[in-house]
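Colleague: Structure provided below as structure tokens; questions to follow.
The values are calculated or read from the model by the stated rules, or taken from the named source; none is laboratory data. Everything numeric in this text was worked out from a predicted model, so none of it was measured. Cβ coordinates were reconstructed from backbone atoms using ideal geometry, including for glycine residues, and neighbour counts include every protein chain displayed.
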Amino acid sequence: MTDHAALSAGLPGAPQIAYRNGTLHLEQASLAALASDYGTPLFVYSKAAMLSALAAYQKGLAGRDAQICYAMKANSSLGVLQVFAEAGCGFDIVSGGELERVQAVGGDMRKVIFSGVGKTRAEMQQALAADIGCFNVESEAELDVLSEVALAMGRIAPVSIRVNPNVDPKTHPYISTGLKGNKFGVAHEEALRIYQHAASLKGLRVTGIDCHIGSQITDTTPYLDAMDRVLDLVASIEAAGIPIEHIDFGGGLGINYEQDTPPAADALWQALLARLDARGYGRKKLMIEPGRSLVGNAGVCLAEVLYLKPGEHKNFCIIDAAMNDLPRPAMYQAFHAIVPVVPRDGLPGMTCDVVGPVCESGDWIGRDRHLAVAPGDHVAVLSAGAYCMSMASNYNTRGRAAELLVDGLAVHLIRERESAADQMRTEKMVRR
């Protein structure tokens, strides 16, 4: 018999994902039953896992003047946003569309931070009209435009300037954001001058300083190095007569995809707060913007095995989920654990590449995985709660997957499966 306790112990991700009674479960829901009832590909998220991840941050920041803003680019589905809005979170947005999603779930506009390097005038107007909490500004040119837009509306825009501390987060180059060669933020050496310029603009009110060095960070050291550089700047800026009300340390904490060992959120913040206190800034208001670490391990993507295709040099397991559903492997060469939903005792396994039906050689989900499955079986792609559905596409006119939110025994459909008709709804043929 399969040792399901041992299988569960080896699963990366949230403890809410486990084998019970011969079947993989998320909280109290059988994933085999959900795949049968709702079809595949199918994303399933655990509310308990999301709130547990949030609780670690809340514990680490207990007793501090701190605001947690969920970085919703990680997963912007309304049902997910609703969980965090009801838990009292603010939101870190990077577009006007994301602002509309926050409004749709009743999020507190005063807890919204607008980040991103390319805000348009229309987006600035939209955010000012909504009375958001703060703009994280990423260039001197953006300061000038935002001031102009605000004055034309009779508003004063609250701003925090994102500083690039030139700290290497030791992560994938595509998700490293704090080095000199990255497009984000202003240079550390230019920051004081740019703050002085911001303070001179009549349409702006300087409220804080912002720093975000990257994503999927698994080491505390880059955070501490970035904090020291930011606090050096705070001292210089305030010495120049510009008060800093809040310090925003961004997000970026990694999760366990493949034997990754990131620090727990509360342990990370214990170390950061100790450094903050030692530098004399422990009474400042803090803002943080976690994304992946709140949702990544809370989600799975279920897929059906379509075909097994042995080859002379490679074996392939072809599933009905593809790079349009799970873009991280194709984009970042990222690892996701892939496990059978119902393990088969006695079935010989094979080492194979797990691939999808999309007409691209880059359409792979996992390389060289040992799986004991047969056509018609279901597999679960783990740690799929972040940067999967939010980056999904309709390539090959494939509809985006359905999404479920599990809350104990309750299962909620939070996104219906997208049809070809849904995709063509806004398209027009040329009339002859």
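Colleague: Counting only residues that are among the small types (Gly, Ala, Ser), under 23 Å from the mean Cα position of the chain (by Cα) and under 20 Å from Ser393 (Cα atoms), how many does region 319-370 have?
Modeller: First, the residues of region 319-370 that are among the small types (Gly, Ala, Ser): 321-322, 330, 334, 337, 346, 349, 356, 361-362, 366.
Cutting the leftovers down to under 23 Å from the mean Cα position of the chain (by Cα) gives us 321-322, 330, 334, 337, 362, 366.
Next, only the ones that are under 20 Å from Ser393 (Cα atoms) stay: 321-322, 330, 334, 362, 366.
Looking only at that region, the number is 6.
The rows are residues; the columns are (1) within 29 Å of Ser76 (Cβ to Cβ); (2) under 17 Å from the mean Cα position of the chain (by Cα); (3) in the same structural domain as Leu26 (by TED's automatic domain parsing).
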| position | (1), (2), (3) |
| --- | --- |
| Glu258 | yes, no, no |
| Pro262 | yes, yes, no |
| Leu286 | yes, no, no |
| Gly311 | no, no, yes |
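Colleague: Taking region 89-144, which residues are among the hydrophobic types (A, V, I, L, M, F, W, C) and in a helix (DSSP H, G or I)?
Modeller: Initial filter on region 89-144 (among the hydrophobic types (A, V, I, L, M, F, W, C)): 89, 91, 93-94, 99, 102, 104-105, 109, 112-114, 117, 122, 124, 127-130, 132, 134-135, 137, 141, 143.
Residues satisfying the conditions are Leu99, Val102, Ala104, Met109, Ala122, Met124, Ala127, Leu128, Ala129, Ala130, Ala141, Leu143.
Colleague: While we're here: Can you find even one residue in region 51-61 that is in a loop (DSSP other than H, G, I, E, B) and without any contact (Cβ under 8 Å) to a residue 24 or more places away in the chain? Reasoning before the result, please.
Modeller: If we filter region 51-61 for residues that are in a loop (DSSP other than H, G, I, E, B), which is where we start, we get 61.
When the remaining residues are screened for being without any contact (Cβ under 8 Å) to a residue 24 or more places away in the chain, the result is none.
Scanning region 51-61 turns up no residue that is in a loop (DSSP other than H, G, I, E, B) and without any contact (Cβ under 8 Å) to a residue 24 or more places away in the chain.
Colleague: Within region 261-298, which residues are among the acidic types (Asp, Glu) and either closer than 20 Å to Arg162 by Cα or touching a residue at least 60 places away in the same chain (Cβ under 8 Å) (or both)?
Modeller: Of all residues in region 261-298, those among the acidic types (Asp, Glu) come to 266, 277, 289.
Answer for region 261-298, where residues must be among the acidic types (Asp, Glu) and either closer than 20 Å to Arg162 by Cα or touching a residue at least 60 places away in the same chain (Cβ under 8 Å) (or both): Asp266, Glu289.
Colleague: Next question, about the same structure. Is at least one residue of region 368-387 assigned to a strand (DSSP E or B) and farther than 27 Å from Gln16 by Cβ? Before you say what the answer is, go through the steps one by one.
Modeller: First, pick out the residues of region 368-387 that are assigned to a strand (DSSP E or B): 368-371, 378-381.
Then drop every residue that is not farther than 27 Å from Gln16 by Cβ, which leaves 368.
Taking every residue of region 368-387 in turn, at least one turns out to be assigned to a strand (DSSP E or B) and farther than 27 Å from Gln16 by Cβ.
Colleague: Scan region 339-352 for residues that are touching a Leu at 6+ places or on another chain (Cβ under 7 Å), β-branched (Val, Ile, Thr) and part of a strand (DSSP E or B) and report the count.
Modeller: Residues in region 339-352 being touching a Leu at 6+ places or on another chain (Cβ under 7 Å), β-branched (Val, Ile, Thr) and part of a strand (DSSP E or B): 1 in total.
Colleague: Please tell me if Arg367 is without any contact (Cβ under 8 Å) to a residue 40 or more places away in the chain and charged (D, E, K, R).
Modeller: Details: without any contact (Cβ under 8 Å) to a residue 40 or more places away in the chain: yes; charged (D, E, K, R): yes.
Against the criterion (without any contact (Cβ under 8 Å) to a residue 40 or more places away in the chain and charged (D, E, K, R)), Arg367 qualifies.
Colleague: One residue is enough: does region 278-289 have a residue meeting the conditions surrounded by fewer than 18 Cβ atoms within 10 Å (Cβ to Cβ) and acidic (Asp, Glu)?
Modeller: no
Colleague: Here is a further query. Conditions: (1) part of a strand (DSSP E or B); (2) free of Cβ contacts under 8 Å to residues at least 40 places away in the same chain. Leu81 meets all but one. Number of the miss?
Modeller: Evaluating Leu81 over (1) part of a strand (DSSP E or B); (2) free of Cβ contacts under 8 Å to residues at least 40 places away in the same chain leaves (1) as the failure.
Yes/no matrix, rows are residues, columns are (1) in a loop (DSSP other than H, G, I, E, B); (2) at pLDDT below 95:
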{"position": "Tyr195", "(1), (2)": "no, no"}
{"position": "Ala198", "(1), (2)": "no, no"}
{"position": "His212", "(1), (2)": "yes, yes"}
{"position": "Asp219", "(1), (2)": "yes, yes"}
{"position": "Asp232", "(1), (2)": "no, yes"}
{"position": "Ser236", "(1), (2)": "no, no"}
{"position": "Ile244", "(1), (2)": "yes, no"}
{"position": "Gly251", "(1), (2)": "yes, yes"}
{"position": "Ile255", "(1), (2)": "yes, yes"}
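Colleague: Kindly list, by first and then second residue, each pair from a residue in region 417-432 that is assigned by TED's automatic domain parsing to the domain that holds Ala321 and within 19 Å of Glu403 (Cβ to Cβ) to a residue that is outside any loop (DSSP other than H, G, I, E, B) and aliphatic (A, V, I, L, M), limited to pairs with Cβ atoms under 7 Å and residues at least 6 apart or on different chains.
Modeller: As it stands, the answer is Arg417/Ala402, since those pairs meet every condition given.
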